[in-house]
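Scroll down for the structure; my scribbles are underneath it.
The values are calculated or read from the model by the stated rules, or taken from the named source; none is laboratory data. This structure is a prediction, so every number in the text was calculated from the model and none was measured. Here the Cβ positions follow ideal geometry from the backbone for every residue, glycine too, while neighbour counts run over all protein chains shown.
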Amino acid sequence: MDPRKLLEGRSNPLPEGTLAVGAGLIVSGVTSYGFLAISARALGPERYAPLGVLWALTYVVCPGVFLPLEQEVGRALSSRRARGVGGGPLIHRAALAGGVASAVLIAVTAGTAPLSLPHLFDHKVLLLAALMVSLAGYYVEFLVRGVLSGNGRFRSYGVILGAEASLRMVACAGLAVVGIDTVGPYGVIIGLSPVAATLLGVRKERNLVTPGPDAPWSELSSALGYLLAGSVMAQLLVNAGVFAVQVLADAEEKGKHGVAGRFLNGLIIARIPLFMFQAVQAALLPKLAHLAGAGRHDDFKAGLRRLLLVVVAIGSLATVTAFAIGPFVVTTMFGKDFRLSHTDLGYLAAASAVYMLALALAQALIALANYPRVVAGWAVGLVVFVIVTALSSDLLPRVEQGFLAGSTASAVMMAWSVRRLLSAGAGKAHAPEEILEASHQLPIEP
């Protein structure tokens with residue numbers, strides 16, 4: 001269903017590039033699940049667990065830090081292109097900012113190795129190295145994706161999305177076929193895949209960097225700090241359970257039970273609807289921004305209400321389905337050693353459904369140009385997650401309940417913020433063309 005119909009009750013064309021990006025998203029989703037399934041079966045629960053932690057950590061830090069850079073590069077380049085102004089200086093400025101951020105993150109990762117190696121990576125040095133390679137590789141990929149979207153080159157953008165996950169799965173299958181059962185090489189694949197995909201995606205592109213006037217830092221938006229904070233917090237909340245399980249598990253749970261890997265696999269099955277919700281955002285954010293910017297508050301509220309009802313319906317169906325057949329799906333996909341209970345899958349699906357509701361409300365706040373309230377919403381959710389997880393004792397239930405409580409807190413906080421803003425008549429938003437490029441971004445990985 002086209003989410004724009006939910007907002008206005010009539011058909012509208014999707015934003016430029018939605019089909020190309022959507023195709024890349026589908027390929028990326030399918031092959032990402034393929035990578036996780038193949039590596040889980042090749043490694044088994046114990047060896048797979050630290051790989052799962054690397055996966056979760058990569059998709060907290062890299063999209064969290066570099067996605068806002070991509071969004072702002074795409075927006076600013078699109079604005080320059082509309083005015084017939086070259087974007088070379090802007091790209092150079094963004095490359096410098098992203099490069100510094102990447103270097104700092106790599107240095108921090110190396111400096112904290114004495115803590116992360118024993119507690120997160122089970123002393124697997126190659127996994128730590130893979131994380132540092134990922135920080136550099138995803139900096140390059142997200143910067144290039146911003147340049148491509150800003151130049152309207154969405155076919156190549158979609159190629160990068162699909163190629164990254166596809167190349168990763170093919171390489172993983174190759175390792176499994178030749179009998180590699182140590183975790184390090186599988187981690188290295190995660191680090192190298194963004195670089196390989198980026199090179200493949202831009203191999204035929206020309207004239208992406210064109211001469212133009214100097215770009216002040218302000219051209220990359222004064223809202224970049226809020227976007228960065230909100231992005232990191234959103235990614236952290238949806239993946240915090242994996243880290244919590246790995247840190248809180250005792251030696252036996254980390255050993256033969258591989259509890260962190262089992263938890264991750266249950267989580268990625270439970271949040272399939274959440275992953276697909278990213279396609280909805282491609283049409284949701286520009287339309288909400290248009291309605292808010294035009295001062296059409298009644299239409300904004302009615303459309304958002306209809307959308308939230310659909311999200312609740314989908315989330316409820318997903319929760320019931322996960323509770324009923326989730327364990328069967330997990331064992332079929334990853335193997336019987338990764339089994340979780342019906343209750344585990346029910347909790348994870350319910351938490352993911354509420355998180356999806358919070359995401360929809362976050363889009364409404366962004367459309368209303370109120371970034372601080374987005375940050376506050378995710379921050380409240382993280383605090384609640386920590387409190388609920390700390391107050392319980394049984395490993396998986398405490399983390400699952402923490403995820404559900406944290407997602408609920410974020411959704412409630414953002415719903416309250418949207419209600420207050422609309423009651424006060426807030427409607428100032430970025431122009432639709434400024435929102436458009438950000439609407440193509442895909443912050444949630446499987």
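What the table below lists for this structure:
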{"quantity": "Given (1) farther than 27 Å from G158 by Cα; (2) touching a helix residue (DSSP H, G or I) at 6+ places or on another chain (Cβ under 7 Å); (3) at pLDDT 85 or above, index of the condition V178 fails", "calculated": "(2)"}
{"quantity": "Any pair with Cβ under 6 angstrom, 6 or more apart, that starts in region 227-241 at a residue that is part of a helix (DSSP H, G or I) and ends at one that is surrounded by fewer than 20 Cβ atoms within 10 Å (Cβ to Cβ) and among the aromatic types (F, W, Y)", "calculated": "none"}
{"quantity": "Any hit, region 339-349, residues being assigned to a helix (DSSP H, G or I), touching a Pro at 6+ places or on another chain (Cβ under 8 Å) and over 19 Å from V242 (Cβ atoms)", "calculated": "yes"}
{"quantity": "Qualifying residue in region 200-207 (condition: crowded, with 16+ Cβ neighbours inside 10 Å and within 30 Å of V354 (Cα to Cα))", "calculated": "no"}
{"quantity": "Members of region 306-352 that are over 29 Å from G44 (Cα atoms) and under 24 Å from the mean Cα position of the chain (by Cα)", "calculated": "L307, L308, L309, V310, V311, V312, A313, I314, G315, S316, L317"}
{"quantity": "Unique match (being in contact (Cβ under 8 Å) with a residue 60 or more places away in the chain, of a type outside the set (V, I, T) and crowded, with 21+ Cβ neighbours inside 10 Å) among L368, L404", "calculated": "L368"}
{"quantity": "From K287, K336, K254, residue being farther than 30 Å from A369 by Cα and either modelled with pLDDT under 75 or in contact with a His (Cβ under 8 Å, 6 or more places away or on another chain) (or both)", "calculated": "K254"}
{"quantity": "Answer from F243, F263, F277 - the residue that is crowded, with 22+ Cβ neighbours inside 10 Å, at pLDDT 85 or above and aromatic (F, W, Y)", "calculated": "F263"}
{"quantity": "Scan of region 53-104 for residues that are crowded, with 19+ Cβ neighbours inside 10 Å and polar (S, T, N, Q), ordered by number", "calculated": "T58, Q71, S78, S102"}
{"quantity": "Considering residues of region 69-124 that are in a helix (DSSP H, G or I), among the β-branched types (V, I, T) and touching a residue at least 12 places away in the same chain (Cβ under 8 Å) only, the residue farthest from E46 (Cα to Cα)", "calculated": "I91"}
{"quantity": "Some residue of region 309-328 being surrounded by fewer than 24 Cβ atoms within 10 Å (Cβ to Cβ), outside any loop (DSSP other than H, G, I, E, B) and in contact with an Asp or Glu (Cβ under 7 Å, 6 or more places away or on another chain)", "calculated": "no"}
